[in-house]
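Some notes on the structure that comes next.
The values are calculated or read from the model by the stated rules, or taken from the named source; none is laboratory data. Given the structure is predicted, the values throughout are model-derived calculations rather than measurements. Cβ sites come from the backbone with ideal geometry, for glycine too, and all protein chains shown count toward neighbours.
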Amino acid sequence: MNSKLLVVGTIAYDTIQTPYAKVDKIFGGSATHIALASSKFNLDCSIISIVGNDFEKKYLDLLREKGINTSGISISKKGKTFQWSGQYFSDMKTRKTIDTQLNVLEEFEPKVITELSNPDILVLANLHPEIQIDTLNQIRKKPKLIVLDTMNFWIENFRSPLNKIISMVDVISINDEEALMLTGENSITKAVKEIINMGPEFVIVKEGHKGASLFYNEKSFFIPSFPVKEVIDPTGAGDSFIGGFVGYLAEQDQISIESIKKALIYACAMGSFIVEKFGSENLINLPAESIKLRVNAIREMTKFENQ
Ligand code: AMP
């Protein structure tokens, strides 16, 4: 039987501007990108989220087509879908959030139906920390792994529930700037130490095009990003990274340090695909063979004699 993955996160309309192009109200959101990336693996993925009365049915159909269970997605009759608008600068990494409209998320009280309440892996994707806590409290049995993501918006505005949810998870995936912002430290080493003291056993620090480091038990491990020819839109890279990470782990019999390290290679591979087109477009018809090739390329990049 396939492992069960449950993702709670946003489903969004994104407006994205880069130095080269602008797209309006495309299908995005943290849950969307994670679910689409993880759907490349053998697992049963379900989403808990909410959309508004303006949400187009074709996007729910698309998720279903990819084998993603959408029964945990509420459709609000009253409000509008969560909207995010961001701008990237010439380095294609620095991001400015222009606007965040929580809309239906403001009133959202997640309901984890019995069928979804016993996942093997739970991903608390980038979302209001109160909703993350509420979802976790409805899980019946401790999942094999609980992975958390967050971002500056929640770090700046919702510190107390954020600290609480950080204390309840196994893994936190965060980018370098957010790790410093979260802890008020000026070095990643100090920031990681502090985050581990907050609760998680594993801290993953993402550094965009450079790669990602895993920190655990006073040890660390690094995987470089795959060097893509051109970054078109970095939105969702962190989410697609998580989709690859949990996707690989869901296929393993056991979650161990070794499988977590390997999962990081899949994470970096999946993160590299999404940036090559706007939104999740590049993930949608991504062949398994392309993933294999990229994973092997990253392996080659990190291999040296007598290894
Ligand atoms: P990433 O680039 O991996 O950080 O993910 C970007 C995605 O996160 C976009 O599709 C947005 O819709 C979504 N997003 C942006 N801001 C937030 C927020 N404050 N909470 C949850 N999701 C967000």
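General remarks:
- Among (1) surrounded by 22 or more Cβ atoms within 10 Å (Cβ to Cβ); (2) within 11 Å of the ligand (Cβ to nearest atom); (3) of a type in the set (V, I, T); (4) outside any helix (DSSP H, G or I) - the single one I47 does not satisfy: (2)
- Test: E194 is assigned to a helix (DSSP H, G or I), more than 15 Å from the chain's Cα centre (by Cα) and acidic (D, E): yes
- Pairs, first within 14 Å of A31 (Cα to Cα) and touching a residue at least 12 places away in the same chain (Cβ under 8 Å) in the range 59-70, second in a strand (DSSP E or B) and charged (D, E, K, R), C-beta under 8 Å, six or more apart: N69/D44
- Checklist (1) touching a residue at least 60 places away in the same chain (Cβ under 8 Å); (2) closer than 19 Å to I284 by Cα; (3) β-branched (V, I, T); (4) more than 13 Å from the ligand (Cβ to nearest atom) applied to T235, failing item: (4)
- Test: residue in the range 56-77 that is assigned to a strand (DSSP E or B) and within 12 Å of the ligand (Cβ to nearest atom): no
- Residue in the range 78-104 that is farthest from the chain's Cα centre (by Cα), counting only those that are more than 11 Å from the ligand (Cβ to nearest atom) and more than 15 Å from A12 (Cβ to Cβ): K78
- Condition check for I223 on (1) within 16 Å of the ligand (Cβ to nearest atom); (2) closer than 25 Å to I284 by Cα: one failure, at (1).
- Top-ranked residue of the range 105-116 - restricted to ones that are surrounded by fewer than 16 Cβ atoms within 10 Å (Cβ to Cβ) and assigned to a loop (DSSP other than H, G, I, E, B), ranked as nearest to the ligand (Cβ to nearest atom): E109
- On inspection, G243 does not qualify as within 16 Å of the chain's Cα centre (by Cα), within 16 Å of the ligand (Cβ to nearest atom) and not in a helix (DSSP H, G or I).
- Answer from A267, A263, A191, A250 - the residue that is of a type in the set (G, A, S), crowded, with 20+ Cβ neighbours inside 10 Å and within 16 Å of the ligand (Cβ to nearest atom): A267
- Criterion (at pLDDT 95 or above, β-branched (V, I, T) and out of contact with any strand residue (DSSP E or B) (no Cβ under 6 Å at 6 or more places or on another chain)) met by exactly one of I204, I195, I133, I172: I133
- Candidate set from the range 50-63 (those that are out of contact with any strand residue (DSSP E or B) (no Cβ under 6 Å at 6 or more places or on another chain) and closer than 16 Å to L283 by Cα); member that is surrounded by the most Cβ atoms within 10 Å (Cβ to Cβ): L62
- I98 fulfils the conditions (1) closer than 27 Å to G184 by Cα; (2) surrounded by 14 or more Cβ atoms within 10 Å (Cβ to Cβ) except for a single criterion, (2).
- For the range 130-173, filtering for residues that are part of a loop (DSSP other than H, G, I, E, B) and of a type in the set (K, R) leaves 4.
- Taking (1) more than 10 Å from the ligand (Cβ to nearest atom); (2) not in a strand (DSSP E or B) in turn, S213 satisfies each apart from (2).
- Here G279 meets each of (1) under 26 Å from D14 (Cβ atoms); (2) part of a helix (DSSP H, G or I) with one exception, condition (2).
- Within the set D14, D24, the sole residue that is without any contact (Cβ under 8 Å) to a residue 24 or more places away in the chain, within 30 Å of E230 (Cβ to Cβ), in contact with a strand residue (DSSP E or B) (Cβ under 6 Å, 6 or more places away or on another chain) and not aromatic (F, W, Y) turns out to be D24.
- Scanning the range 250-276 for residues that are part of a helix (DSSP H, G or I) and over 17 Å from F221 (Cα atoms) turns up A250, M270, G271, S272, F273, I274.
- On inspection, P143 qualifies as within 21 Å of N69 (Cα to Cα), out of contact with any helix residue (DSSP H, G or I) (no Cβ under 7 Å at 6 or more places or on another chain) and touching a residue at least 24 places away in the same chain (Cβ under 8 Å).
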